[in-house]
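Enquirer: First the structure, which I've put down as C-alpha cells, then a few questions once you've had a look.
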C-alpha cells in the first residue's frame, strides 16, 4: 500500500528527449516551482502527493489559471505536495511507449502511479481522450471499476466540462463540480486522515484489509465534501427510448442527488497567484493573468460559462491593484491581462487601470482586457491601454440579425455595435475581429444574410471615417462557430443544426462577403457536433469516448489531429446514436443526465428562459 | 592598453558582463528561451535596466553565440546595460536568487564603457567531450585519420588545437575551435559534433557528453576569457 517513490533518471530522460520536438516541454525546473523535494517527501510518511494534470501540451496547460491556483494552495500546505504533468506531444508519446517508460511529473519526474491523487483539468470536452491517454501512458487502468483493489492513485477531474459528470463517469473515482479552492484542501485532508488511520490499523496487525472496501470508505468520506460526485455511487436507469428514466443512488448512506456545486463565497480570501511558475519556454498566454471577477450576470442564453460560474463575485479593487503590481514585479512579465467573463462589467475598471498604470513602467508593460465590450464610456480606457500598439479590437455580436440576438439574449444592438466600431475607427484602430455563431435555433436565410449586411455597414462606416491611407489597411476578420447547446444554459434542450446545414450556411456567408475587406475563418461543424455530444452525453457516451481513444483519438481540439470519421465509427461500433445527443430537441420534462448536479440556478429559471426563447422564435416566424 | 581609471564613465549607463552555466535539463532550452529567462530574472531583481526602443521594449541583453540544443555549457556569457550601479558580488547573488536553478551565474565584471559585442569578439571556443571506454591512443589515431581524410578543408582551419587528458575511462578532447575567418568558411560546431559521432560510432567509441567549456579572445598571443579581457582593460579587441 505504501509504495516506494519511483522516478525517471536524468540519463533516461536524456535518451528519451533525443530528437524530440520542443524538449523544453518536459524538463521542469522553472522559476517559481513549489513542490516538496523528494527528500522531504520520503522523510514525511503521511505526505499526500497530488499530480495536477492538464490534458494538453505544456504551452497550453501552463496558460491555464486553474492549475496555478491549485498548485499554490496545495504546495503552501506543509503536509501536501503538488507536481504538474501535461500531455506529451505525439513524438514524445511514441518515445515513451516504445521505451516502455511511464508518464512522469515535471518536478521530481515521479511516475504518475506513485501519486496519491491525480487531478485532471477537464477545461473542455475535447480534452477527454487526452485524459484517457495520459492514464494509459501512466500504466493506470482507465476504467475506475478496474482500479478498485488499489486505493491509490485516486483519479479525479474538475473544470467546467465536469458540470455534466457522466461522460467521464466510467474513468473517474470522483469529479469536482465548481470552484476548486476550498475543495482541494478538504480532499487532501481526507486522504491524509485515511493514510494515518490505515497505518494504525496495519500496525495493530488487524489482519488483511479488504482494499475494495477501504477505497469505498475513502470515497464515501470524500463524497461528503461539497461539489464531489462519485460516479460509482449512482446509476442512470434508461427508458426504452434512451432518455433517462431516473438517476438512482446505490445505497442509503450515499449523498443525495443533486450534488450541489462548490462555490467560493468570498473570492477575496484567495489572492491571485503572485509567486506563479514562470515557464522556461513560450506558452500560449505568456503573461500575468489577474482574475478580477468570477461569474457573469449577463445571462446570454447560449453561454455555459455565464451560468456555471455564478454568482458574480467581484474582487476588491484595492487588492487587485496591489496584486497586479506585486505580480508583475515577482514574475518579470511584460504583459498583464485582467481576466473575467465580461471585464467591462467590473465597475472600478477605470480606477484599477489608472492606478496600475501609475505604478508600473507603462512604456514597457502592456495591459490586455480580453473580454471587453467597447462603448463610449470605456473607449478612453482602451485607447490608453493600446497607446501606440493598436493591434485589433474584438467584438462578439454572435448573430447577424437583431431577431436572433434577441432569441439568444445577446444584449447588443446593431446601433451599439456600429457606434462602438465607429469610435474605435476614429481613434485609429483599423483591424476589427468579429465572432458569430451559426446554426442557432430559429435561424433562417435572412439571418445568415444579415451577417454580410452587417459587415457591409461596418465597411461603409470605415470608408467614411478612415482616411484613404488608413482605409486601405482596414480589415475585418470574422470567426464563425457552429452553435453547440451546453448543459446548464437555457438552450440546453435545443437541437443542434445538422453539419450539412451549417456547411451550407457557411458557404452562403463565404460567397457573399466582400473578400477585399473581410477574412473569414470557421471551426469545422463536425468538431462542434462531437463537442455537443460529449457535453450532453451520458454513460453510453462514456463508452464511446473509450472506444474512440482506443482507436487513436487524441488532441481532438487540434484541428489537424481531430478525426471525425473515427468518432463516427466509434458511435456506430457501439450502436450509440450521436444524433440523439445533438440533432434532437430534448423534451422540457425529460430528466437530463446533468440533473444529477445542482449548479445553483433553479430548473424553473431555465425552463422559463427557454420558453421565452421559443416564443420569440415562433412569434417572428 | 587603456587604464580603467582613465575612462570617463558614461553616467546614465552601466555595463555588466557575466559568465553563466547552462546545465543538465537546461541544455534543451534554446538561445531565445535563455534570453527570455534572463530578462525576466533581471526584471524580477528590480534593477533599473536599459531597454530597446519601439512598441515592445526589451531589456538590452546580448548573449554569446548559440549552442546546439542538447549541449551543456559551462561557458556562456552575457552583456547587460543598466541605468544604475551595483556591486558585482551583490549582482551575482541577486541574479542567482532570481534564476531557475539550472542557469547559474558564476562571475560578473563591470565595464565603464560598452564592451564590444560578445558574438563578434570571440575568437575561440573550447569544447569538451567525454568518451566512453576505450584506449585513448586508439581514439587519437582515429581522430587524426579523420582530420587527414576530411573533405572539408575548413575543418583544419577551424580546429585550433586538441588534446586528450585524463587517464580514467573518460577522455577529453579539447580545443575544438571555431575561428571566425575572413572568408567565412568556418566548420560549424554542429557539423563537427555530427561528424565526431559518426566516426566514433564507426570505431566503437561512445560519446558520453559534449559541453562548451570556455570562450576565448586572442590578445597579444594570449587566450583571455571575455571577463579577463575586461579585467585587463581591453574593452575593444583592436585597442
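The values are calculated or read from the model by the stated rules, or taken from the named source; none is laboratory data. In this text the structure is predicted, and so the values were computed from the model without any measurement. Every residue, glycine as well, gets a Cβ built from its backbone with ideal geometry; the counts of neighbours run over all protein chains shown.
Enquirer: Tell me, please, whether a residue that is within 14 Å of chain A (Cβ to nearest Cβ) and touching a residue at least 12 places away in the same chain (Cβ under 8 Å) can be found in the stretch B:111-123.
Expert: No.
Enquirer: Condition test on residue A:511, is it surrounded by fewer than 17 Cβ atoms within 10 Å (Cβ to Cβ) and in contact with a strand residue (DSSP E or B) (Cβ under 8 Å, 6 or more places away or on another chain)?
Expert: Considered against the rule, which asks whether it is surrounded by fewer than 17 Cβ atoms within 10 Å (Cβ to Cβ) and in contact with a strand residue (DSSP E or B) (Cβ under 8 Å, 6 or more places away or on another chain), residue A:511 comes out as no.
Enquirer: Look through the stretch A:344-361, keep the residues that are surrounded by fewer than 15 Cβ atoms within 10 Å (Cβ to Cβ) and touching a strand residue (DSSP E or B) at 6+ places or on another chain (Cβ under 9 Å), and return whichever of them is farthest from residue A:384 (Cα to Cα).
Expert: Selected residue: A:347.
Enquirer: Which one of these does residue A:381 not meet: (1) touching a strand residue (DSSP E or B) at 6+ places or on another chain (Cβ under 6 Å); (2) assigned to a helix (DSSP H, G or I)?
Expert: With respect to (1) touching a strand residue (DSSP E or B) at 6+ places or on another chain (Cβ under 6 Å); (2) assigned to a helix (DSSP H, G or I), residue A:381 is out only on (1).
Enquirer: Another one. Tell me whether the stretch B:72-89 contains one or more residues that are at the interface with chain A (Cβ under 10 Å from one of its Cβ atoms) and surrounded by 15 or more Cβ atoms within 10 Å (Cβ to Cβ).
Expert: no
Enquirer: Which of the residues belonging to the stretch A:411-428 are more than 15 Å from residue A:455 (Cα to Cα) and crowded, with 22+ Cβ neighbours inside 10 Å?
Expert: Of everything in the stretch A:411-428, just one residue is more than 15 Å from residue A:455 (Cα to Cα) and crowded, with 22+ Cβ neighbours inside 10 Å, namely A:424.
Enquirer: Right, here's the next one. Inspect the stretch A:346-361 for any residue being more than 23 Å from residue A:424 (Cα to Cα) and within 22 Å of the chain's Cα centre (by Cα) and give the result as yes or no.
Expert: no
Enquirer: Can I ask one more? Counting only residues that are surrounded by fewer than 20 Cβ atoms within 10 Å (Cβ to Cβ) and away from every other protein chain (no Cβ under 14 Å), which one in the stretch B:93-110 is farthest from the chain's Cα centre (by Cα)?
Expert: Applying the filter and picking the extreme gives B:93.
Enquirer: Checking residue A:271 against (1) away from chain B (no Cβ under 14 Å); (2) within 30 Å of residue B:44 (Cβ to Cβ); (3) in contact with a strand residue (DSSP E or B) (Cβ under 9 Å, 6 or more places away or on another chain), which single condition isn't satisfied?
Expert: Single failed check for residue A:271: (3).
Enquirer: Looking at the stretch A:1-63, what helices (runs of 4 or more DSSP H) fall wholly within it and have at least 1 residues that are crowded, with 23+ Cβ neighbours inside 10 Å and away from chain B (no Cβ under 14 Å)?
Expert: A:58-61
Enquirer: Pick from A:161, A:157, A:149, A:242: which is within 25 Å of residue A:52 (Cα to Cα), surrounded by fewer than 17 Cβ atoms within 10 Å (Cβ to Cβ) and touching a helix residue (DSSP H, G or I) at 6+ places or on another chain (Cβ under 7 Å)?
Expert: So the residue among A:161, A:157, A:149, A:242 that is within 25 Å of residue A:52 (Cα to Cα), surrounded by fewer than 17 Cβ atoms within 10 Å (Cβ to Cβ) and touching a helix residue (DSSP H, G or I) at 6+ places or on another chain (Cβ under 7 Å) is A:149.
Enquirer: Sticking with this structure for a sec: Checking residue A:338 against (1) without any contact (Cβ under 8 Å) to a residue 60 or more places away in the chain; (2) buried (at least 21 other Cβ atoms within 10 Å of the Cβ); (3) within 14 Å of another protein chain (Cβ to nearest Cβ), only one condition comes out false. Which one?
Expert: The one condition residue A:338 does not meet is (3).
Enquirer: Among (1) within 14 Å of chain B (Cβ to nearest Cβ); (2) in contact (Cβ under 8 Å) with a residue 24 or more places away in the chain; (3) over 26 Å from the mean Cα position of the chain (by Cα); (4) buried (at least 16 other Cβ atoms within 10 Å of the Cβ), there is one condition residue A:328 misses while meeting the rest; what is its number?
Expert: So residue A:328 meets the others, but not (3).
Enquirer: Does residue B:14 fit the bill of being more than 21 Å from residue A:278 (Cα to Cα), at pLDDT below 95 and within 13 Å of chain A (Cβ to nearest Cβ)?
Expert: No: the conditions fail for residue B:14.
Enquirer: It is to be established whether one or more residues within the stretch B:35-53 are away from every other protein chain (no Cβ under 11 Å), under 18 Å from the mean Cα position of the chain (by Cα) and buried (at least 17 other Cβ atoms within 10 Å of the Cβ).
Expert: Yes, that holds for at least one residue.
Enquirer: Within the stretch B:17-30, work out how many residues are facing chain A (nearest Cβ under 10 Å) and out of contact with any helix residue (DSSP H, G or I) (no Cβ under 7 Å at 6 or more places or on another chain).
Expert: Summing the residues that are facing chain A (nearest Cβ under 10 Å) and out of contact with any helix residue (DSSP H, G or I) (no Cβ under 7 Å at 6 or more places or on another chain) in the stretch B:17-30 gives 4.
Enquirer: Looking at the stretch B:54-71, which of the residues that are touching a strand residue (DSSP E or B) at 6+ places or on another chain (Cβ under 6 Å) and within 10 Å of another protein chain (Cβ to nearest Cβ) is surrounded by the most Cβ atoms within 10 Å (Cβ to Cβ)?
Expert: B:59
Enquirer: State which residue is nearest to residue A:96 (Cα to Cα) when the search covers only the stretch A:137-146 and only residues that are without any contact (Cβ under 8 Å) to a residue 60 or more places away in the chain and assigned to a helix (DSSP H, G or I).
Expert: Selected residue: A:137.
Enquirer: If a residue must be in contact with a strand residue (DSSP E or B) (Cβ under 6 Å, 6 or more places away or on another chain) and not in a helix (DSSP H, G or I), how many such residues does the stretch B:13-40 contain?
Expert: The total comes to 11.
Enquirer: Separate question: Does residue A:191 qualify as being modelled with pLDDT of 95 or more, touching a strand residue (DSSP E or B) at 6+ places or on another chain (Cβ under 7 Å) and more than 30 Å from residue A:305 (Cα to Cα)?
Expert: Taking the combined requirement at face value, the residue satisfies it.
Enquirer: Only residues that are more than 21 Å from the chain's Cα centre (by Cα) and in contact (Cβ under 8 Å) with a residue 60 or more places away in the chain: list them for the stretch A:267-277, please.
Expert: Result: A:275, single match.
Enquirer: Let me ask something else about it. Of the conditions (1) touching a residue at least 60 places away in the same chain (Cβ under 8 Å); (2) assigned to a helix (DSSP H, G or I), residue A:470 fails just one. Which one is it?
Expert: (1)
Enquirer: Now, a different point. So, residue A:534, is that one at pLDDT 95 or above and touching a strand residue (DSSP E or B) at 6+ places or on another chain (Cβ under 9 Å) or not?
Expert: So residue A:534 fails the test.
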